[in-house]
Amino acid sequence: MRGLIRVIIVITVIWSAYWFVAGIGLRNAITTWFDTQQEQGWQAEFAEVTTAGYPLNHVTRLSSPALADPVNGTAWSADWIQFQSPAIWPGRQVLRFADTPQRLSYFDQTSTIQAADMQAELQLQPGVALVLEKMALTAGAWSVADNSEALAGGETLALVMEQTETPETYMISARIDAFMPGDELRALMRSATTLPQTFETLELDMRATFDKPWDRSALELSRPQPVNIELRLAEMKWGALRLFAVGELDVDPQGIPTGEIAVKAENWRDMIAMANAAGALPDQAVDPVTRALNFMAGLGGNPDALDLQLNFRDGFVALGPLPIGPAPRLILR
């Protein structure tokens, strides 16, 4: 019996020493990363760092963290952020965010994000590169506001990016339950005033291949750039409005996409009115576009439903036979 007690004591001492050393190492890795970003010209600071979680986890909390990248004009700050990982392997991190407002800025535009139970899960491969295997962001009720005016919100949020058997390829999915556009967005789309307050469905399922895997260099050096996007499903249901899209795009080094996206739209006339109200479709283009789409909808047998194709060629995009304009550049900065 005494021998068993001695073994337990020895194991406890060894584990406690390991936990302490690993905890200090993890804590130093986080603080050193902040120091490195400062050396590269970032604003990267926090007020205090604490470590807890013994014996099974390491929990490191930073109070008042603030990050700002002067190159791309983005900045983020919060009351606190917490890193939690199993004591046996720090490469599986869960980041928990404060329920209090977070501030996200892009140059001189600042938005306030508030979310319940918001957390990000990071699964990294062992090794110096810290290659991303999985990243997930989930939250309960959330909202985004600008100058105290609601921009958007929802009951839940789920974003997942997971590496496939090909290191450069990731499955990406997104779902928002009860997405609620803010007053500014509804006012911009004046014809949306009769629509419900929330979306019935807002989902995305895609497979994206990049020019390199996502790893620590994505933050410290340059972002991986998309070279192929397979859109398996994008779906939006908002009252009588229905929009579905599938397709595939190849992306060149300049970010110019080439390929086709099949689109099905129900009650498309309301969408044209909303696009015109939002300024995306000029007044002089409304009648020609409506006549052309009305003709194509009639060919399908249902005048309220459209089955079209977005064609991306030579840096331009067309909706069926109708040229729309230059294609967007798909570049991650």
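The values are calculated or read from the model by the stated rules, or taken from the named source; none is laboratory data. Everything quoted here is computed from the prediction, not taken from an experiment. Cβ placement follows ideal geometry from the backbone for every residue including glycine, while neighbour counts extend to all protein chains displayed.
In this structure, Ala150 qualifies as in contact with a Gly (Cβ under 6 Å, 6 or more places away or on another chain), surrounded by fewer than 17 Cβ atoms within 10 Å (Cβ to Cβ) and assigned to a strand (DSSP E or B). Do we have any residue at all in the range 296-310 that's assigned to a strand (DSSP E or B) and under 30 Å from Asn72 (Cβ atoms)? Scanning the range 296-310 turns up at least one residue that is assigned to a strand (DSSP E or B) and under 30 Å from Asn72 (Cβ atoms). Taking the range 231-274 as the range and being assigned to a helix (DSSP H, G or I), without any contact (Cβ under 8 Å) to a residue 60 or more places away in the chain and under 21 Å from Glu184 (Cα atoms) as the test, the residues that pass are Met271, Ile272.
Give Ala285, Ala292 a once-over and let me know the one that is in a helix (DSSP H, G or I), closer than 28 Å to Asp183 by Cβ and not charged (D, E, K, R). Answer to the selection: Ala285.
For the range 232-247, indicate whether the set of residues that are within 17 Å of Ala318 (Cβ to Cβ) and of a type outside the set (S, T, N, Q) is non-empty. Within the range 232-247, one or more residues are within 17 Å of Ala318 (Cβ to Cβ) and of a type outside the set (S, T, N, Q). Annotation: of all residues in the range 45-70 being touching a residue at least 24 places away in the same chain (Cβ under 8 Å) and among the hydrophobic types (A, V, I, L, M, F, W, C), the one that is surrounded by the most Cβ atoms within 10 Å (Cβ to Cβ) is Leu62. Listed conditions (1) modelled with pLDDT under 80; (2) over 30 Å from the mean Cα position of the chain (by Cα) are all met by Ala273, apart from (2). In the range 82-108, of all residues being modelled with pLDDT under 90 and closer than 27 Å to Phe20 by Cβ, the one that is nearest to the chain's Cα centre (by Cα) corresponds to Gln93.
Residues in the range 275-286 include at least one that is surrounded by 19 or more Cβ atoms within 10 Å (Cβ to Cβ), more than 30 Å from Ala129 (Cα to Cα) and not acidic (Asp, Glu). Total residues in the range 178-212 satisfying the condition of being outside any helix (DSSP H, G or I) and modelled with pLDDT under 70: the figure is 1.
Taking the criterion of being surrounded by fewer than 16 Cβ atoms within 10 Å (Cβ to Cβ) and at pLDDT 90 or above, the only residue of the range 124-137 that qualifies is Lys134.
Just one residue in the set Asp177, Asp183, Asp211, Asp215 is surrounded by fewer than 18 Cβ atoms within 10 Å (Cβ to Cβ), among the acidic types (Asp, Glu) and closer than 19 Å to Ala120 by Cα; that residue is Asp177. Before we move on, is Gln114 closer than 23 Å to Ala208 by Cβ, surrounded by 17 or more Cβ atoms within 10 Å (Cβ to Cβ) and touching a Pro at 6+ places or on another chain (Cβ under 8 Å)? It is false that Gln114 is closer than 23 Å to Ala208 by Cβ, surrounded by 17 or more Cβ atoms within 10 Å (Cβ to Cβ) and touching a Pro at 6+ places or on another chain (Cβ under 8 Å).
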